[in-house]
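Taken together, the values in this text are just the output of simple stated rules run on the coordinates, not laboratory data. All values reported here derive from a predicted model rather than from experimental measurement. Cβ placement follows ideal geometry from the backbone for every residue including glycine, while neighbour counts extend to all protein chains displayed.
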């Protein structure tokens, strides 16, 4: 596989996770997943920005995107892969929020690398029982995710969907 094919395969593979990760920014809000509870350290478990609606909408949007990929290619397993990638992305994002709260990083505060790659790593891990795209595609996903994540967050900031550009 050449560089262009690897890049295309990486984007195609991870798209449901990207959709799941971005959707809550637009359609989130509502009741926090942690219900406002505090962890043993006295800080919130995830924080008010991680909501039930955001999680569910992200999971549905990413999963639907996986189904669309499956319909477009005739590969019926892509619906299940899309679900696992979406679930992994959202769980990875929750994990990142949990870690940030433990490190006393305020809501919306930056945690370089964790913010950009946590969701993608969890997505790949959760999807791996059904499919593993190979090491070249996986490495490409991780490399391209950093600038794509930063660019989409900047776009969300410019569109007034996010409070911070990172």
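Any residue at all in the stretch 30-45 that's within 19 Å of the chain's Cα centre (by Cα), surrounded by 13 or more Cβ atoms within 10 Å (Cβ to Cβ), in a helix (DSSP H, G or I) and in contact (Cβ under 8 Å) with a residue 40 or more places away in the chain?
No; the residues of the stretch 30-45 include none that is within 19 Å of the chain's Cα centre (by Cα), surrounded by 13 or more Cβ atoms within 10 Å (Cβ to Cβ), in a helix (DSSP H, G or I) and in contact (Cβ under 8 Å) with a residue 40 or more places away in the chain.
Restricting to the stretch 73-111, what's the tally of residues that are surrounded by fewer than 21 Cβ atoms within 10 Å (Cβ to Cβ), more than 16 Å from residue 42 (Cβ to Cβ) and in contact (Cβ under 8 Å) with a residue 60 or more places away in the chain?
1
Just one of 62, 49, 109 is under 13 Å from residue 24 (Cβ atoms) and outside any helix (DSSP H, G or I); which is it?
Exactly one of 62, 49, 109 is under 13 Å from residue 24 (Cβ atoms) and outside any helix (DSSP H, G or I), namely 49.
Here are some conditions: (1) touching a residue at least 60 places away in the same chain (Cβ under 8 Å); (2) surrounded by fewer than 18 Cβ atoms within 10 Å (Cβ to Cβ); (3) over 18 Å from residue 8 (Cβ atoms). Residue 119 meets all but one. Which one does it not meet?
Failing condition for residue 119: (2).
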